[in-house]
2 protein chains.
Amino acid sequence: MDYSGLRPAGGKRSSKRDLILNLFLQQKGHLSADDLYDLVRREETGIGRATVYRTLQWMVEAGIARKVDFGEGRSRFEPSFHHPRHFHLVCNTCHRSSEFLSSDVETLIEEIAAVRQFAPSQTIIQVFGTCEECRTGHQAMPLDGEATERVFARDALRIAVATERSGLAFYTRAARLTTDARGRDVFRKLAEDEQAHLGTLERRYRELLAEDPLLEDRPTFLFFKGAAEGIFADGTERLRAGIDDLQALLIGIRCERDSHKFFKRYGERFEDSEGKRIFLEFADEEREHRDLLMAEYRSLRERMGKRKKTKP
Amino acid sequence: MDYSGLRPAGGKRSSKRDLILNLFLQQKGHLSADDLYDLVRREETGIGRATVYRTLQWMVEAGIARKVDFGEGRSRFEPSFHHPRHFHLVCNTCHRSSEFLSSDVETLIEEIAAVRQFAPSQTIIQVFGTCEECRTGHQAMPLDGEATERVFARDALRIAVATERSGLAFYTRAARLTTDARGRDVFRKLAEDEQAHLGTLERRYRELLAEDPLLEDRPTFLFFKGAAEGIFADGTERLRAGIDDLQALLIGIRCERDSHKFFKRYGERFEDSEGKRIFLEFADEEREHRDLLMAEYRSLRERMGKRKKTKP
DNA sequence: CTAGGTGCAAATAATTTGCAGAGGC
DNA sequence: GCCTCTGCAAATTATTTGCACCTAG
């Protein structure tokens, strides 16, 4: 690994700081200040505890590390490089912790904060309990620092693929069922777009697998229930012959909004990488789709307004 | 308030401990050990810091208090009497915290833990940010210790009423639409049950309002998105003429399962109270309903199996 | 009478700070 | 040369413990 791109914000470089930083980044799991001090002393005895504390503080300020607190009465630190913010499952027995993200949980919490007129800046979720290994002795594939970014990308891509597939199915069916000629064209265009996206995503997914042959066996990191079957799946099911064209547009608008939100949220969590680029591009396209659908919705409603309203 | 029912598990009573305990329980918000020590010294100077620490420890063991840690490098304590486990919105500016519960978030986290084969025992959620008062100067109705239990009961009852209302609508419509005579009877019976529950719930809700005239103005504590419109609302919408009777039964089964889970989860969080009793009773009834529906489902399927299958 | 509770002071434990000297730019 | 980093030891903060003494049951 190459960390040379690091050492951002203010502060001189120094051989001691470099040593501490490199040892920290090589470690997996969450180190306490003292864990790191011990490691450092093993390499070079002439480094004081205070320097380790000061360096950790600097790393946190510089965004290289994040402080985490599992209520042990001391802080632990995790590298943030190639490692998005996440939540923790903390084992009460072996004191190790495993990481996850949930789009659904984050959305719910944002909604709750909004109701309470609270402007959230950061959310900590710690689920304490017993891990599989401590309960059954059977050890699962670990999700260590090295792998996290790839697993994150893998999960995000899987969700994106499911979304695009279901979007494709939705727009294809919508184009077939809609009675309005203009609406049909819009749906057809979107179906083509989804098809193209899908190709890009699947290629990127294959590339990712090639980088790590065990990748598909690693546990899920990013949970997004709504997208297990694809965001549009529900909408597609509701698209039956005779459905109101306006309804179809509304379903499409809602789905595009949801998927835009998803791509945006997690695109932003990627480090600068291919994954980030793909995600943010897709987020933009979803917004364009939504705008297209909304324009079409308004237009159709206006045209319908001129006719007599029909009760279904 | 009467705390005399307290002082459970081992330990002698002593005037000092009583003094500390009572001061603690009278306080609103989350006290640090030192906050409490200061309060205690104001009443009686002859009490040592160590006693306060020891008493807090005892209170936590006895289940009178809960330790909370907002990462300030010291612990805070909150009373647990008439105060269910909850999550926190913590203001970075005024350092006060406000509480909430979300059935949806809890469900999602349970599901995630299950996927990871992790047996959860306790979940901590802390949302850091800026509260309304610090942002706009406009202060909202507080949700202090005194009120929490009633607000909890209020929210739970609101959700229960919405659930029963939507259940009533669902079963009424299902009874009307179903073509099978036996199924019709089942749906009718359930509709009657829901009607009866509804009466009980609404009476209890009115009683609660009478206890605290400001109750309806206090902010939401217990969030349950699925039940905003009632758990059955979605199912009712899908009940159209010509729907497969089996489908209707399946929808009912799923809804009863969801609402059983809800009543059970939060019934258990109530202290011994009227609310707890109502909730657990209702949880049982939902399970009975589910069993009834499941039996009917099996029976209907068997009877249908004897006929030719028809493709809709 | 005796297991626990209590005050006080001293001990721990994690982390920070003061200060004199060393090192990067 | 100046400003920051560093080591060391001392300070700070939250919490615990040892011990002689007290008190409820």
Report summary line: For A:THR179, the lone unmet condition from (1) at positive phi; (2) modelled with pLDDT under 95 is (1)
Report task. Scan A:GLY252, A:GLY226, A:GLY199, A:GLY230 and give me the residue that is in contact with a Ser or Thr (Cβ under 8 Å, 6 or more places away or on another chain) and part of a helix (DSSP H, G or I). Result -> A:GLY226
Query raised in the report: Can you pull out the residues in the range A:38-81 that are within 14 Å of chain B (Cβ to nearest Cβ), more than 13 Å from DNA strand D (Cβ to nearest atom), in contact with a helix residue (DSSP H, G or I) (Cβ under 8 Å, 6 or more places away or on another chain) and among the aromatic types (Phe, Trp, Tyr)?
Result: A:PHE77
Report task. Within the range B:12-25, identify whether any single residue is at pLDDT 90 or above, closer than 30 Å to A:SER121 by Cβ and crowded, with 17+ Cβ neighbours inside 10 Å, and answer yes or no. Result -> no
Report summary line: Checked the range A:142-153 for anything in contact with a Ser or Thr (Cβ under 9 Å, 6 or more places away or on another chain) and not acidic (Asp, Glu); matches are A:PRO142, A:LEU143, A:VAL151, A:ALA153
Query raised in the report: Can B:ARG188 be described as among the basic types (Lys, Arg) and surrounded by fewer than 19 Cβ atoms within 10 Å (Cβ to Cβ)?
Result: yes
Query raised in the report: Is there a residue being away from every other protein chain (no Cβ under 14 Å) and among the aliphatic types (A, V, I, L, M) anywhere in the range B:140-153?
Result: yes
Query raised in the report: Does the range A:129-140 include one or more residues that are farther than 22 Å from A:ALA283 by Cβ, assigned to a strand (DSSP E or B) and modelled with pLDDT of 95 or more?
Result: yes
Report task. Among the candidates B:LEU143, B:LEU157, B:LEU168, single out the residue that is at pLDDT 90 or above and in contact with a Lys or Arg (Cβ under 8 Å, 6 or more places away or on another chain). Result -> B:LEU157
Report task. Can you give me the number of residues within the range A:48-67 that are surrounded by 18 or more Cβ atoms within 10 Å (Cβ to Cβ) and either more than 10 Å from DNA strand C (Cβ to nearest atom) or part of a loop (DSSP other than H, G, I, E, B) (or both)? Result -> 5
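Among what's in the range A:91-120 and is in a helix (DSSP H, G or I) and of a type in the set (Asp, Glu), pick the residue that is nearest to the other protein chains (Cβ to nearest Cβ).
Step by step, filter the range A:91-120, then rank; the result is A:ASP104.
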Report summary line: If we ask which residues in the range A:270-295 are surrounded by 19 or more Cβ atoms within 10 Å (Cβ to Cβ) and either outside any helix (DSSP H, G or I) or in contact with a strand residue (DSSP E or B) (Cβ under 8 Å, 6 or more places away or on another chain) (or both), their number turns out to be 1
Report task. Can you tell me which residue among B:ARG184, B:ARG176, B:ARG135 is more than 19 Å from B:ILE278 (Cβ to Cβ), within 12 Å of chain A (Cβ to nearest Cβ) and over 15 Å from the mean Cα position of the chain (by Cα)? Result -> B:ARG135
Report summary line: Residue hits (the range B:131-148; over 23 Å from B:GLN27 (Cα atoms) and hydroxyl-bearing (Ser, Thr, Tyr)) are B:THR136
Query raised in the report: Quick check: anything in the range A:209-217 part of a loop (DSSP other than H, G, I, E, B) and either of a type outside the set (A, V, I, L, M, F, W, C) or within 14 Å of chain B (Cβ to nearest Cβ) (or both)?
Result: yes
Query raised in the report: Which pairs do you get when a residue that is outside the structural domain of A:HIS95 (by TED's automatic domain parsing) and within 12 Å of DNA strand C (Cβ to nearest atom), found in the range A:29-47, comes within reach of a residue that is basic (Lys, Arg) and assigned to a loop (DSSP other than H, G, I, E, B), reach meaning Cβ atoms under 6 angstrom, with the pair 6+ apart or on two chains?
Result: A:SER32/A:ARG74
Report summary line: Of the residues in the range B:169-185 that are β-branched (Val, Ile, Thr) and not in a helix (DSSP H, G or I), the one that is surrounded by the most Cβ atoms within 10 Å (Cβ to Cβ) is B:THR178
Query raised in the report: If you scan the range A:57-79, which residues turn out to be in contact (Cβ under 8 Å) with a residue 24 or more places away in the chain and farther than 16 Å from B:ARG74 by Cα?
Result: A:TRP58, A:MET59, A:GLU61, A:ALA62, A:GLY63, A:ILE64, A:ALA65, A:PHE77, A:GLU78, A:PRO79
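The values are calculated or read from the model by the stated rules, or taken from the named source; none is laboratory data. Source: prediction; values computed, not measured. Cβ coordinates were reconstructed from backbone atoms using ideal geometry, including for glycine residues, and neighbour counts include every protein chain displayed.
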